[in-house]
Amino acid sequence: MTLTNPYEIFQVGDHAITVAFGNEIDAHINGLVINFFDELKANPIPCVVDLIPAYASLTIVYDIVSIWQVQQQRSASEWIKADVLNRLSHLTDAYRPAGSLKRIPVCYAPSLAPDLDYVASTHQLTTNEVITLHTAHVYRVYMLGFLPGFPYLATVHPKIATPRKAQPRKLVPAGSVGIAGEQTGIYALPSPGGWQLIGQTPVQMFKPDGEQPVALSPGDQVQFYSISLQEFNHLKA
Amino acid sequence: MSLRIIRKGLLDTIQDGGRFGFQHLGINPGGVSDPVAHYVANALVGNVAGEPVLEMHYPAPQIQFLTDCMIAISGANFTPLLNDTDVENDCTILIKAGSILRFAGQVWGVCACLAVRGGFAVKPWLASKSTNLKAGAGGFAGRALLTGDVLPFANSLPNHLGGKSGAGSWRANVSALYNRGNIRCVAGAEYDLLTPAARQNLDRGSFAITGRSDRMGYQLEGPPLSVQVDTSLISTGVTGGTIQLLPNGRLIVLMADHQTTGGYPRIAHVIRADLPSLAQKRAGEAVQFEFVDIATAEQALLIQHRHLLQLKNACNFRLAAAFGN
């Protein structure tokens, strides 16, 4: 099955192009993005230095100077685009099964969940109902971005989808689990941030010295499970 | 073989050409803010391109060299003084053990690169020696240098200095490597969303770099800009030089420590060849943009690249003539 999904290619400055398959949070479209990402990882385009998969697009960063060293017939941009178009013509719509399921413990205790009450009251729910809805669903890792190892997970139940805070916090602790619209995510590192914080995981999501510095990959599945403050402290220790 | 930070500067970090290949994990490339200064500083001491350098901001650090060595400083001019005697940027400088380098004033620019012949001995993290401050990894202990830190040299090149000290009698001419005119950019994916008035303001208006500018991004203040339709975008990949329109109508240009993805309209992108020139503009300085096409942008980088290669050849020739290595 060849690619039937429409796509658009546009320049991102003079040294990157983006292939956009849409502008929405959709598992099928994200599957295409990750298919294409996997293909370009397995069979790299020469002179490409980085690949940035996002919700519905893949950005391809290339080194203009290296391309000139390979060929001078065409501009670097035209040369890359020709290769990308060729790869796209071999891409298929084939459904890509989601990656491995990772279960991540989250403590929803008030001391670690400063916005849980707000999210609950906004939707006329109890905090327990919010926790039940947040943990019931298996989320997809659509992309990583914003911070090293920060996973964008979607989609949360509409009953708990909540816009970002109007005024971002100056410092969000590492491990904080937040909601922004229909997305949920984990602050892998301490950072300023505007997501509604409903819990915290004791799991270190980003380990710079580890063999795999980032715990999750695009396409993985994640399910949260609720733990007590005691278990949180035990796991954190 | 090392140097010691006697008094730390505002932000002194080890940087190289950047950490590529990990943006899919949210790990941004980082690297030097001014790749031209990085290249020139390394060329002046005979290093291979890409060796890590000490990137300094103003106030800059006070440094004591614990061994004889050869250094060069390029980029911002912070009025370097070696043992209280003027030395210049863009020169090869021979240093006697015990000498003290300090900086007396910010004359031009924002960031200066200090290269030492043979490079700095820091461990690579994910294939790069750049400091990623957010991740607390790479460079020197994953952080900015502090007073008392001793930064070891790698000594990857021979150093036959013959007990000489002071600056070389020649100076690299870098003036043509920086663009003192309009900062050139190419249109971004959301350029067409701008109102006609906003397009005119972007093309002809003058923008000032605000104090809220750092290695992550430079915020600009200028004539009002707005989009015709309030489209909400989902996050996509961004890159160094991307100009995003913030909800408050201000522009932010993404610099070396930029995030990997963003969700604000990408109205334009500064071309690679002009990013060093923009990086060296201080808060309060004016920026005017000029739109060019991709072919012009690539050509500008090619010219800059050839110029740098020539400069490196000239440096190698001078170094060989002066020191026989």
The range A:18-53 - residue that is facing another protein chain (nearest Cβ under 10 Å) and in contact with a helix residue (DSSP H, G or I) (Cβ under 6 Å, 6 or more places away or on another chain) and, of those, surrounded by the fewest Cβ atoms within 10 Å (Cβ to Cβ): A:GLY22
Selected residue [surrounded by fewer than 20 Cβ atoms within 10 Å (Cβ to Cβ) and free of Cβ contacts under 8 Å to residues at least 24 places away in the same chain] from B:PRO124, B:PRO158, B:PRO152: B:PRO124
For residues that are open to solvent by less than 30 Å² (accessible area, probe 1.4 Å) and in a helix (DSSP H, G or I), scanning just the range A:69-82, find the one that is farthest from the other protein chains (Cβ to nearest Cβ). A:ILE80
Can you pull out every residue in the range B:116-125 that is within 11 Å of chain A (Cβ to nearest Cβ) and under 17 Å from B:VAL32 (Cβ atoms)? B:TRP125
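Among the listed residues B:SER213, B:SER130, B:SER169, which satisfies the condition of being modelled with pLDDT under 95 and closer than 22 Å to B:HIS258 by Cα?
B:SER213
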Is it the case that some residue within the range B:124-132 is over 17 Å from the mean Cα position of the chain (by Cα) and of a type in the set (Lys, Arg)? no
When residues of the range A:100-131 are filtered for being among the hydrophobic types (A, V, I, L, M, F, W, C), in contact with a strand residue (DSSP E or B) (Cβ under 7 Å, 6 or more places away or on another chain) and open to solvent by less than 60 Å² (accessible area, probe 1.4 Å), how many remain? 9
B:LEU3 passes all but one of (1) buried (at least 24 other Cβ atoms within 10 Å of the Cβ); (2) under 20 Å from the mean Cα position of the chain (by Cα); (3) farther than 15 Å from B:VAL174 by Cβ; which number fails? (2)
Note on the range A:144-161: residues closer than 13 Å to A:LEU133 by Cα and not small (Gly, Ala, Ser) are A:THR155, A:VAL156, A:HIS157, A:PRO158, A:LYS159, A:ILE160
How many residues are part of a loop (DSSP other than H, G, I, E, B) and either modelled with pLDDT of 95 or more or at positive phi (or both) if we restrict to the range B:63-86? 5
So B:ASP257, is it in contact (Cβ under 8 Å) with a residue 12 or more places away in the chain, within 14 Å of chain A (Cβ to nearest Cβ), within 16 Å of B:LYS281 (Cβ to Cβ) and open to solvent by 20 Å² or more (accessible area, probe 1.4 Å): no
For A:PRO97, which of the numbered conditions (1) over 22 Å from B:ILE243 (Cα atoms); (2) open to solvent by less than 50 Å² (accessible area, probe 1.4 Å) fails to hold? (2)
B:ILE252 among the hydrophobic types (A, V, I, L, M, F, W, C), outside the structural domain of B:HIS57 (by TED's automatic domain parsing), surrounded by fewer than 16 Cβ atoms within 10 Å (Cβ to Cβ) and without any contact (Cβ under 8 Å) to a residue 40 or more places away in the chain: no
Please work out which residue is nearest to the other protein chains (Cβ to nearest Cβ), limiting yourself to the range A:202-226 and to residues that are open to solvent by 40 Å² or more (accessible area, probe 1.4 Å) and without any contact (Cβ under 8 Å) to a residue 12 or more places away in the chain. A:ASP209
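Based on this model, can you work out whether B:GLY205 counts as open to solvent by less than 20 Å² (accessible area, probe 1.4 Å) and under 30 Å from B:ILE303 (Cβ atoms)?
Yes.
If I ask for residues that are of a type in the set (Gly, Ala, Ser), in a loop (DSSP other than H, G, I, E, B) and either within 14 Å of chain A (Cβ to nearest Cβ) or under 24 Å from B:GLN310 (Cα atoms) (or both), which ones from the range B:18-62 would you list?
B:GLY18, B:GLY21, B:GLY26, B:GLY30, B:GLY31, B:SER33, B:GLY46, B:ALA49, B:GLY50, listed by residue number.
The values are calculated or read from the model by the stated rules, or taken from the named source; none is laboratory data. Model, not experiment: these values are computed from the prediction. All Cβ positions, glycine included, derive from the backbone under ideal geometry; neighbour counts span all protein chains shown. All accessible areas refer to the heavy atoms of the entire protein, side chains included, with ligands and DNA or RNA removed. Shrake-Rupley method; radii C 1.70, N 1.55, O 1.52, S 1.80 Å.
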